[in-house]
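Below you'll find the structure, written out as structure tokens, and then a few comments.
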Amino acid sequence: MHKLGLVRDWDLALHVPLRYEDETRLQPLGAASDGQAVQFEAVVVQSEVSLGPRRQLRVTVRGDDGATCVLRFLSFYVSHQKTLAVGQRVRVRGELRMGLWGREMVHPVFRTAGVPLPQGLTPVYPTTAGLPQAYVRKAVATGLSRAVRAMTPTIPDEYLNEIACLRLLKLDSSLRFLHCPAADVSLAQLEDRTHPAWLRLKAEELLAQQLSQQVARRERQRFRAPVLVPGKPGAGAGLLHQDLLAALPFALTQAQRRVVDEVAADMALPRPMHRLLQGDVGAGKTVVAALAACMAMQCGWQCALMAPTEILATQHFAKLVAWLEPLLAPRGLVVAWLTGSQRKKERAEMLARIASGQAGLVVGTHALIQEQVVFARLGLAIIDEQHRFGVAQRLALRSKLVDGATPPGGASLEPHLLMMTATPIPRTLAMSYYADLDVSTIDELPPGRTPIVTKVIADERREEVVARIGAQVAQGRQVYWVCPLIDEQADGAVVADDASGRMTGSVPRLPARAGAGAGGREAQLLRNVTATHAELSEALPGVAVALLHSRLPVAEKRAVMDAFARGETGVLVSTTVIEVGVDVPNASLMVIEHAERFGLSQLHQLRGRVGRGAVASACVLLYTTPLGPNGRERLKAMAQTADGFEIARIDLALRGPGEFLGARQSGDALLRFADLSTDADLLAWAQATAPRLLDDYPQMAQAHLERWLGGKSDFLKA
């Protein structure tokens, strides 16, 4: 019971059934068809234990209409044999099969006949090994009874009356109904969760979530942060962020200017900024981060930018050094670089610069949060691709501001926090899971970005794709070829690269299949990156084909990427380590192998590596047949739109919020009953109701949180 989280009466009351079984009526055995679930009463006419290759109990029963059926039990107890002894009248329920020897059921449910039929549908609950349904049903019934008796209202009627469906059923009536619905209720309404009882439960759950988000937001308002308002310019120089704007070789878009203003307004307040900056691939989030860092440094504070992979951190570092170094040098500041792969001497030098405050901006990986990293005055923390980091990692970076820097009130300071993501968030997801954050959106791409043509092509046309690559390279262009795996091991397993560039362990290798291809070769269902590199090197003589994956030494990875960025390499065969942060304007073609195995957001991220220059670019999604319906939908969406927000909406519908977000890293599903794709009206009601309930009825709000979360509301603290 503890494993299922069933420790309180309310846990039991909210442990709603997975499905229902109809045990309210008996049916004639002879009228049942193959595959139908049927309940009937019959007399046992034969019962024996078979001693063949596998011991089993075989029981023949005759129904009231004269039809017979064999009940087979592959595992059984002595009590089974007693209840199913010859001459006994029993009630049997199960799925009927038409076997070689007539009707049969395997492991049906049975009991002695004569017990009154239930008046309502029988609930089937989520359970775990060693916990039978009968025990769960009894525990839920008693827990529900106690919970309902002790129930007090947590939502005033005036709020419930604002949405018509919530007036139909009280919470106690809804719970009683869902645990034991009447036999004549619409099963369709129960299964698709549109019955008023379900709607009441969803509304209560969404309100609890919104309350927890509001509480987290209000708690954060009590923290203190440095007030970062750029004041007078330094000697011989203007304001740092204004100097950067003047030096940039491009003008900001209107969306970028709006977001910069939102960030600046937050940092000017004495409470910590907690803002999520979202924008499509290539929308220009890095320059917004650079301007925010300049504002912090102008005020005498440091800024840290943490990226999930060394490739992405390297890209950020190179770009920021080019922009900022000429502006920081006259001010005696530098951009520092910190990763786990640094040599000891270089690392010690960087740590000293960070501790002294000379490093105004520090760029790095998770090495930034290690214990030996001490900032002199950390005022702004920027986390790129924030969903790649867990709660503990984000909290660790925020705790890097030294305790000595305290405001007059005496409370310790926290740095401002700006989180960035290139995975656009659908509106309903932002309303729900990110209600405790301020969200800024760059919804405009910089001018000059060429649209990317996306083609969905079967693997059988692989030769055509390779020929297209040769033509692109001949025109002086460069090409990415992305594979989902690294290579095969001796035991026939393959080792996968995940999107963050870490090893994820081995997965079974799928069997080979015969297929057309260069030289009549056999194509594996899952190609690997080393074999593809060898194949393309052979098929494209005279073309420099490079290989990149997470198991290469750091220095070699950097050298491979640098050579590709300089145009010395025509084709880069890679795993998904290039998903974020790689910016090579001359690359005009992306081939993604086994595209059906990637999520939509990841495909969109990968596609964003091309189309960064003035030349028309294309993305080829190679898939292996047969293609399942879910894979077909994903690839169709990629071909039809390049709008990251529309792709995110489709991804939410296909994957659901839990998988889409993996983000909150809480370990618990944040919504058990509500569905963001269908319950937008209930979510809007909960979002509007939560702050009013906290203000006008704080005790009710607290009771509602206790009922639904039971102390689990701390998952929102980062």
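The values are calculated or read from the model by the stated rules, or taken from the named source; none is laboratory data. The structure displayed is predicted, hence computed values, not measured ones. Positions of Cβ are backbone-derived with ideal geometry, glycine not excepted, and every protein chain shown enters the neighbour counts. Quick note on the areas: whole protein, heavy atoms, side chains included, nothing else; ligands and nucleic acids left out. Shrake-Rupley method; radii C 1.70, N 1.55, O 1.52, S 1.80 Å.
Ranked highest first by average number of other Cβ atoms within 10 Å, how do 243-253, 346-356 line up?
Descending mean neighbour count gives 346-356, 243-253.
Skipping prolines and chain starts, which residues have an amide H placed within reach, meaning under 5 Å, of the one on Leu305, given they are 5 or more residues away or on another chain?
Placed amide hydrogens put Val362, Val363, Gly364, Ile382 under 5 Å from Leu305.
Return the sequence-ordered ³J(HN,Hα) values of region 73-86 in whole Hz as given by the Karplus equation 6.51 cos²θ - 1.76 cosθ + 1.60 applied to θ = phi - 60°, using x for Gly and Pro.
Going residue by residue, I get 10, 7, 9, 7, 10, 4, 4, 4, 5, 5, 5, 9, 6, 4 Hz, with x marking Gly and Pro.
Normalised by the number of residues in region 335-376, what is the relative contact order in percent for Cα pairs under 8 Å and 6+ residues apart?
It rounds to 51 percent for region 335-376.
May I ask you to give the solvent-accessible area per residue for region 1-75, in square angstrom, as obtained with a 1.4 angstrom probe?
Details: 3940 Å² over 75 residues.
Ligands and nucleic acids excluded, the result is 53 Å² per residue.
From Cα pairs below 8 angstrom and at least 6 apart in sequence, can you work out the relative contact order of region 86-165, rounded to a whole percent?
Details: 40 pairs, mean separation 14.4, N = 80.
The value is 18 percent.
Based only on the alpha carbon positions, what is the Kirkwood hydrodynamic radius of region 77-235, in angstrom?
Values: mean 1/r = 0.0468 Å⁻¹.
About 21.4 Å, per the Kirkwood formula over Cα pairs.
If you rank Arg137, Arg257 by how much accessible surface each has, with a 1.4 Å probe, what is the order from largest down?
Working: Arg137 75, Arg257 120 Å².
So, going from the largest accessible area down, we get Arg257, Arg137.
Between Ala37 and Ala639, what is the label-point separation in nm under the 7 Å Cα-to-beta-carbon projection?
3.9 nm
What ranking do 643-650, 547-554 get when scored by the average of other Cβ atoms within 10 Å per residue, highest first?
643-650, 547-554
For Arg217, Arg707, Arg468, what's the largest-to-smallest order of accessible area, 1.4 Å probe? Walk me through the intermediate numbers first.
Numbers: Arg217 55, Arg707 20, Arg468 115 Å².
Accessible-area ranking of Arg217, Arg707, Arg468, largest first: Arg468, Arg217, Arg707.
In sequence order, what are the phi-derived ³J(HN,Hα) couplings for region 618-634 according to the Karplus relation 6.51 cos²θ - 1.76 cosθ + 1.60 with θ = phi - 60°, rounded to whole Hz, with x for glycine and proline?
9, 10, 9, 9, 7, 10, 9, 8, x, 9, x, x, 5, x, 5, 5, 5
Grab the beta carbon distance between Phe223 and Ala265, set R0 = 25 Å, and tell me the FRET efficiency rounded to 0.05.
The pair Phe223/Ala265 has a calculated efficiency of 0.90.
Rounded to the nearest 0.05, what FRET efficiency do Arg566 and Ala471 give with R0 = 25 Å and r taken as the Cβ-Cβ distance? Could you check?
Plugging the Cβ-Cβ distance into 1/(1 + (r/R0)^6) gives 0.70.
What order do you get for 95-107, 45-57 when each peptide is scored by the mean count of other beta carbon atoms within 10 Å, highest first?
So the peptides 95-107, 45-57, ranked by packing, come out 95-107, 45-57.
Got a sec to turn the phi values of region 568-578 into Karplus ³J(HN,Hα) couplings, 6.51 cos²θ - 1.76 cosθ + 1.60 with θ = phi - 60°, whole Hz, x for Gly and Pro?
Per-residue couplings from phi come out as 7, 10, x, 10, 10, 8, 8, 8, 6, 5, 8 Hz.
Report in % the part of the accessible area of region 94-166 that belongs to carbon and sulfur, leaving out ligands and nucleic acids; probe 1.4 Å.
Roughly 58 percent, rounded to a whole number.
With just the Cα atoms defining each centre, how far is region 333-362 from region 104-155? Give it in Å.
62 Å
Under a plain spin-label model, where a point goes 7 Å from the Cα along Cα-to-Cβ, how far apart in nm are Ala251 and Leu187?
Distance between the two pseudo-spin positions: 6.5 nm.
Multiplying the sequence separation of Glu460 and Gln242 by 0.36 nm and subtracting their Cα-Cα distance, what value in nm do you get?
Working it through step by step, the gained length comes to 73.0 nm.
When only C-alpha pairs under 8 Å and at least 6 residues apart count, what is the relative contact order of region 104-209, in percent?
Computed value for region 104-209: 29 percent relative contact order.
Give the distance, in whole Å, between the Cα centre of region 547-574 and the Cα centre of region 598-647.
Cα centroid to Cα centroid, the span is 23 Å.
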